[in-house]
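The values are calculated or read from the model by the stated rules, or taken from the named source; none is laboratory data. Everything numeric here is computed off the predicted structure, so don't read it as measured data. A quick note on method: Cβ atoms are made from the backbone with ideal geometry, for glycine too, and the neighbour counts reach across all protein chains shown. In case anyone asks, the SASA skips ligands and DNA or RNA and just uses the protein heavy atoms, side chains included. Shrake-Rupley method; radii C 1.70, N 1.55, O 1.52, S 1.80 Å.
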Amino acid sequence: MKDIFQELFGSAEGMRAFRAPGRVNLIGEHTDYNLGFVLPVALDLATTVAMATTRDGILRIYSEHRQEMRQWNVKDVEGLSPAHDWSDYPIGVARELIQAGFPIQSANLLIASTVPEGSGLSSSAALEVSSALAFLHGRTLHPMELALLCQRAERNFVGMPCGIMDQYISVFGRSSCAVEIDCRSLGHRLVALPAGITFVAVNTMVKHALASSAYRERVAECAAAVNALRQQFPGVESLRDASPAQLAAVAPKLSGVVARRARHVVTEDVRVGRFVEASVAGDLPDMGRLMLESHLSLRDDYQVSCQELDFLVDAAMKIDGVYGSRMTGGGFGGCTVTLLRADAAPAFKAQISAAYQARFNVTPLVYACRPSDGAAEL
Ligand code: GLA
């Protein structure tokens, strides 16, 4: 990275590099902004931002993936409007840092990433968190504040009303463990995964372009369900608080769509708890069943799947050694995650690729999900 930095900016003196991982979510989808539970794993796919301060008053950011250089006067950064491209992530973070009392220095930044974009593996949060660490350049910010600040950047500047899962796991990920996050208390516990198994992500190669407007709609539908629930059960402040019985009691007052959305969230929260128990007990068939139930609920009730994701889940379930499979991330494209015996992974990769290629004439990328540590300086 130092060589590229040197070539781009003429000097790599004082360069420091910061890495933040992408993630795969094992279960608990579209529950985070309903203050429920999620179970992601930080991956060894990560974004790295290298940064060196300069004295010319200019902030330059180069994206290796886009092969694009952007630059601004440092003093203008606070007042910038979104450009609706990749630069909104680091600039959104820079603005939040300024507001939090961390002035942005004149600097050169180089972004490089192995997290595939628009694939449901959280390339956005990886870019936000690695950018934040680069801008901080050794200044300390509490890890929870770091995750929340990056979430604010995405909500306020990028304009995506996301939950906390992606930024949280990018900061708090741990190698060899999944992390169960309570999205209300913001506490977490590490969940050991059974021996002899692995998770594999398969990319539909469909970029989730629809996702942002549909995501916003889902957030609004969940809020509508909470409003109705609250009239009968004043203790319900978010769908996290609603039991399946309470939801059934108000269902006749909800539109069919809103009732289905709420049913997904309420049942998905229950599935996260059961999945964690099954994982601790090493009950692989139960873990697999819960993943499949999650997928069906996302497909039928939450309606955020697509035919490519459904095909990959169905095809995976027919392959030897597979316990369960589901879409992961926001949906409308991106990846599935599949739980399988570790020794079955090579054959799985070959068979799922061949099946997808035969059906859609597209070669899917397949990623081994290796749990990794959260963001840090390299
Ligand atoms: C996106 C959002 C997350 C979460 C997932 C769905 O990745 O950034 O906050 O809502 O979708 O579970």
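When restricted to residues that are closer than 15 Å to residue 314 by Cα and among the basic types (Lys, Arg), the range 325-357 contains 2. The residue that is farthest from residue 335 (Cα to Cα), counting only those in the range 296-308 that are open to solvent by less than 50 Å² (accessible area, probe 1.4 Å) and without any contact (Cβ under 8 Å) to a residue 40 or more places away in the chain, is 297.
When the residues of the range 346-365 are filtered to those that are of a type in the set (A, V, I, L, M) and under 24 Å from residue 298 (Cβ atoms), the one that is least open to solvent (accessible area, probe 1.4 Å) is 352. Tell me, which residue of the range 229-263 that is open to solvent by 20 Å² or more (accessible area, probe 1.4 Å), of a type in the set (A, V, I, L, M, F, W, C) and farther than 26 Å from residue 291 by Cα is nearest to the chain's Cα centre (by Cα)? This residue is 254. Selection over the range 222-259 of residues that are more than 24 Å from residue 162 (Cα to Cα) and of a type in the set (Val, Ile, Thr) gives a count of 1.
Within the range 335-342, can one find any residue that is of a type outside the set (Phe, Trp, Tyr), open to solvent by 50 Å² or more (accessible area, probe 1.4 Å) and modelled with pLDDT of 95 or more? The answer is yes, given that some residue of the range 335-342 is of a type outside the set (Phe, Trp, Tyr), open to solvent by 50 Å² or more (accessible area, probe 1.4 Å) and modelled with pLDDT of 95 or more.
In the range 264-283, which residues are of a type outside the set (Gly, Ala, Ser) and open to solvent by less than 30 Å² (accessible area, probe 1.4 Å)? Residues satisfying the conditions are 264, 265, 266, 268, 269, 271, 272, 275, 276.
Output yes when any residue across the range 320-331 is over 22 Å from the mean Cα position of the chain (by Cα) and among the basic types (Lys, Arg), and no when none is. No, the conditions are met nowhere in the range 320-331.
On the given criteria, is residue 129 more than 14 Å from residue 90 (Cβ to Cβ), touching a helix residue (DSSP H, G or I) at 6+ places or on another chain (Cβ under 7 Å) and among the β-branched types (Val, Ile, Thr)? So residue 129 does not fit the description; no. Go through the range 3-35 and give me each residue that's assigned to a strand (DSSP E or B) and farther than 18 Å from residue 298 by Cβ. Answer for the range 3-35, where residues must be assigned to a strand (DSSP E or B) and farther than 18 Å from residue 298 by Cβ: 16, 17, 18, 19, 20, 21, 22.
Within the range 19-37, the residues that satisfy the criterion of being open to solvent by less than 20 Å² (accessible area, probe 1.4 Å), over 16 Å from residue 335 (Cβ atoms) and within 11 Å of the ligand (Cβ to nearest atom) are 31, 32, 34, 36. Note on the range 151-169: residues that are within 11 Å of the ligand (Cβ to nearest atom) and open to solvent by less than 20 Å² (accessible area, probe 1.4 Å) amount to 8. For residues that are open to solvent by 40 Å² or more (accessible area, probe 1.4 Å) and of a type in the set (Gly, Ala, Ser), scanning just the range 184-220, find the one that is farthest from residue 42 (Cα to Cα). So, considering only residues that are open to solvent by 40 Å² or more (accessible area, probe 1.4 Å) and of a type in the set (Gly, Ala, Ser), the one farthest from residue 42 (Cα to Cα) is 220. The C-beta contact set for the range 26-38 (first residue under 16 Å from residue 160 (Cβ atoms), second residue within 7 Å of the ligand (Cβ to nearest atom) and assigned to a loop (DSSP other than H, G, I, E, B), distance under 6 angstrom, 6+ apart or interchain) comprises 32/163; 32/164; 33/163. Contact annotation: residue pairs with Cβ atoms under 9 Å, 6 or more positions apart or on different chains, pairing a residue in the range 160-187 that is closer than 25 Å to residue 242 by Cα with a partner that is more than 14 Å from the ligand (Cβ to nearest atom) and basic (Lys, Arg), are 179/189; 180/189; 181/189; 182/189. Pairs linking a residue in the range 330-348 that is without any contact (Cβ under 8 Å) to a residue 40 or more places away in the chain to a residue that is open to solvent by 10 Å² or more (accessible area, probe 1.4 Å) and away from the ligand (no atom under 12 Å from the Cβ), with Cβ atoms under 7 Å and 6 or more positions apart or on different chains, are 344/320; 344/321; 347/320. Within the span defined as the range 11-18, every residue fails to be of a type in the set (Phe, Trp, Tyr) and within 16 Å of the ligand (Cβ to nearest atom).
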